[in-house]
Amino acid sequence: MTYRIGELAKLTDLSEHTLRFYEKEGLLVPKRNVSNVRVYSEDDRLWAEFIVHMKGTGMSLEDLKKYKDLRESDSDNYEELVAILIRHKENVEAKMAEYQHNLDLMNKKIAMYEQYMDGQGEKDLYDRFVKEKRTQN
C-alpha cells in the first residue's frame, strides 16, 4: 500500500509540515512518482509511527537520526543501538521520577485544600507547605 502525504498525515496524526520536516532531516525518505509527488510506503508509515512513539517518550531528533543511521547501516551496530536505547530509557526513568515527585506534591496540595474546605486545615497553604519543607530538611 502507498500513501500520499495527506493520507500519511491522517494515519499517523502528524501534520504534513512535520512529515516534510522529518524528510528534510533525513528521518523519512519517501519515493517520488513521475509527477514528483511524495509516495510513502507501508514501511514509511510504520517508521513514522515508530518516530511518533519514540518522540512521545522524549527521544531527541538527534538520537532518532543516529538510531536510523545505525539501523540502516550494513554493519552490526547492535551495541550502539542498545546504548542509545539504554541512555534514552534512563532519561525516561528520570523524567518519570520527576513527574511522580510532582504528582505527589499535587496530591498533597489537593489534600491540604480539601482539609481546609472541611474546616480542618490552615487557610494559607503555601505557609503550611513551607513549614513542612523546612521540617523535612
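The values are calculated or read from the model by the stated rules, or taken from the named source; none is laboratory data. Small disclaimer: the values here were computed from a predicted structure and weren't measured. Cβ atoms come from the backbone with ideal geometry, glycine included; neighbour counts cover every protein chain shown.
At-a-glance table
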read-out	value
Single unsatisfied condition, residue 130 versus (1) loosely packed, with under 12 Cβ neighbours inside 10 Å; (2) among the aliphatic types (A, V, I, L, M); (3) within 30 Å of residue 10 (Cα to Cα)	(3)
Only listed residue being of a type in the set (Lys, Arg) and assigned by TED's automatic domain parsing to the domain that holds residue 10, chosen from 38, 87, 71, 128	38
Within segment 75-108, tally of residues that are modelled with pLDDT under 85 and part of a helix (DSSP H, G or I)	0
Any pair with Cβ under 8 angstrom, 6 or more apart, that starts in segment 18-33 at a residue that is closer than 14 Å to residue 46 by Cα and ends at one that is of a type in the set (Gly, Ala, Ser) and outside any helix (DSSP H, G or I)	30/41
Residue in segment 63-79 that is in contact with an Asp or Glu (Cβ under 8 Å, 6 or more places away or on another chain), hydrophobic (A, V, I, L, M, F, W, C) and within 30 Å of residue 98 (Cβ to Cβ) present	yes
All positions within segment 8-38 that are surrounded by fewer than 16 Cβ atoms within 10 Å (Cβ to Cβ) and more than 23 Å from the chain's Cα centre (by Cα)	31, 32, 33, 34, 35, 36, 37
Residue check for residue 63: touching a Phe, Trp or Tyr at 6+ places or on another chain (Cβ under 8 Å), charged (D, E, K, R) and assigned to a helix (DSSP H, G or I)	no
Residues of segment 68-85 satisfying the condition of being among the charged types (D, E, K, R) and in contact with a Leu (Cβ under 9 Å, 6 or more places away or on another chain)	68, 71, 80
Unmet requirement for residue 125, which otherwise passes all of (1) modelled with pLDDT of 95 or more; (2) surrounded by 11 or more Cβ atoms within 10 Å (Cβ to Cβ); (3) not charged (D, E, K, R)	(1)
Of residues in segment 39-53 being within 22 Å of the chain's Cα centre (by Cα) and in contact (Cβ under 8 Å) with a residue 12 or more places away in the chain, the one surrounded by the most Cβ atoms within 10 Å (Cβ to Cβ)	48
Check on residue 7, of a type in the set (Asp, Glu) and farther than 24 Å from residue 92 by Cβ	yes
